[in-house]
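Step one of this worksheet: look at the structure below.
Just so you know, all these numbers are worked out from the coordinates, no wet-lab data involved. Here the structure is a predicted model, which is why all the values come from computation and not from measurement. Here the Cβ is made from the backbone with ideal geometry for all residues, glycine too, and neighbour counts use every protein chain on show.
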Amino acid sequence: MTPPVKRSVTIDGHRTSVSLEDPFWRGLGEIARRQGQSRAVLIASIDHQRPPEVGLATALRLFVLDQTSRQQP
């Protein structure tokens, strides 16, 4: 287990930070590679789709969990 790490990302030209545990950060990278895009583009896409009451870190974690569960047999 690892504590969340604060990471800087750029969304629509604006810098922001998000605190995520390493497994979620790696998961985002793997999903982005499979989709043929950068992690930054994937994060921006998730950010644009999330409801305003859901924080970015939460949306990213839920996205990774959803994508991981879809890969299970």
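When the helices in the chain are scored as -39500 (n - 2.57) per DSSP H run of 4 or longer and the sum is shared across all residues, what 222 nm value do you end up with, to the nearest 500 deg cm²/dmol?
-17500 deg cm²/dmol
Which value, in debye to the nearest 20, describes the size of the charge dipole of region 23-73 about its Cα centre when Lys and Arg Cβ atoms bear +1, Asp and Glu Cβ atoms bear -1, and nothing else is charged?
Charge dipole, region 23-73, about its Cα centre: 200 debye, nearest 20.
Given Leu20, Val54, Ile31, which one lies farthest toward the positive end of the charge dipole of the chain, if we put +1 on the Cβ of every Lys and Arg and -1 on the Cβ of every Asp and Glu?
The Cα lying farthest towards the positive end belongs to Ile31.
With contacts defined as alpha carbon pairs under 8 Å and 6 or more residues apart, what's the relative contact order of the chain in percent?
26
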